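One structure is given below, encoded as structure tokens.
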Amino acid sequence: MSLISGPPGATSSATGVPLTWVVVIVLVVAGAGVATTAVFMSPRPSPAPGSITVTDDLGRTVTAPFAPARVVVLGPSIVDLLYRLGLRSHIVGVDCYAAADGGLSDDYSADQISLWSLTSAMCVQVAPEFVPSMLADLTPSLVLAATIVSTAEVEQVASEIGVPVLMLQPPTLSGVQVDASLIGEVFGVETQAAALNAQLAAELYNATNVTATAVSLPTVLLTYSADTNGYWTYGPGTFGESLLEITGARSISANASTPYPELTAAQVLASQPQWIVYGIGFGLTESYYASGPSWSEFQAVKDGNVTGIDSNWLAEPDPTMILDGIPALLAVFHPG
């Protein structure tokens, strides 16, 4: 579970697409799911043989090898995407914490490690500090990285060993589909990417059907971490905020001044959300959040309107967030 420690870098206009799902929905309903990539990807000139030039989520123009055989992936959300596109065999390295801090298991759940066949030999340490030599030793031909690692740090080591870096950090749910199309281009699996995007669009369409008849939208605190100061959540323009929007809920931090604010107990009490949803897994349980400030005073807690869901469904902007996280939240906010 790789949580963003601060606001991601500036994003390109492609990944900043607002939640205009109707465009995608019409295509899927009309049986033209394959055409969804046209909504997100504009035509590019033909690349030089063996390479492809694309624009990543931070607006960087990158020339990458076409269908690279050896890829280091720094971010569980990107591993999820590549696995769903049938590209697991291309991955030779993934992000890890230091061995003393849990190694693989501090950033990947046991289920993910098993499903994706991850091993400690693939580790590239990104925390508590990035260890560039571990990346270089894996001799990748491309690095795909989320902003859990400093862009400058990754670019420096990539420059030193002559390997391009694509930064993939979608700010909203629509950006997940953008990244699917982007990876489809780079690896020559456009058909698989279009099929995945159609599947994602169908789930989003279902969500709009469910929420269209909602009498009222519940107010929600969606938190992925807590400490003695308060509760970490999502502000405007983030995938966490768009996750609540599509599931028919109103975030109490929708008007926050930063993308990833920490709300104090006083701020939560002033808002008195009808629901509190928190991430579990990686050692996080309800008791962890219940030890946060003023927990027992929140009306949602008194009413029993608190629930935990897999932290990966809240922290990773990837297909699983849409395919598993959205149904889980719909069941909470709109039972039956």
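Side notes on the structure shown:
- Considering Leu196, Leu204, Leu243, Leu182, the condition of being surrounded by 18 or more Cβ atoms within 10 Å (Cβ to Cβ), under 17 Å from Met321 (Cα atoms) and at pLDDT 95 or above is satisfied by Leu196 alone.
- Selection within segment 207-228 - more than 20 Å from Ala315 (Cα to Cα) and either among the aromatic types (Phe, Trp, Tyr) or touching a residue at least 12 places away in the same chain (Cβ under 8 Å) (or both): Thr208, Val210, Thr211, Ala214, Leu217, Pro218, Thr228
- Odd one out for Ile309, checked against (1) of a type in the set (A, V, I, L, M, F, W, C); (2) in a helix (DSSP H, G or I); (3) without any contact (Cβ under 8 Å) to a residue 40 or more places away in the chain: (2)
- Residue check for Asp80: modelled with pLDDT of 90 or more, touching a helix residue (DSSP H, G or I) at 6+ places or on another chain (Cβ under 7 Å) and charged (D, E, K, R): yes
- The residues of segment 247-283 that are assigned to a loop (DSSP other than H, G, I, E, B), at positive phi and either among the aliphatic types (A, V, I, L, M) or crowded, with 17+ Cβ neighbours inside 10 Å (or both), listed by number, are Gly248, Phe282.
- Annotation for segment 135-157: at least one member residue is buried (at least 20 other Cβ atoms within 10 Å of the Cβ), touching a residue at least 24 places away in the same chain (Cβ under 8 Å), under 27 Å from Glu241 (Cα atoms) and in contact with a Pro (Cβ under 7 Å, 6 or more places away or on another chain).
- Out of Leu144, Leu138, sole residue that is out of contact with any Lys or Arg (no Cβ under 6 Å at 6 or more places or on another chain), over 23 Å from Pro273 (Cα atoms), part of a loop (DSSP other than H, G, I, E, B) and modelled with pLDDT of 95 or more: Leu138
The values are calculated or read from the model by the stated rules, or taken from the named source; none is laboratory data. Computed from a predicted structure; not experimentally measured. Cβ: placed from backbone, ideal geometry, glycine included. Neighbour counts: every protein chain shown.
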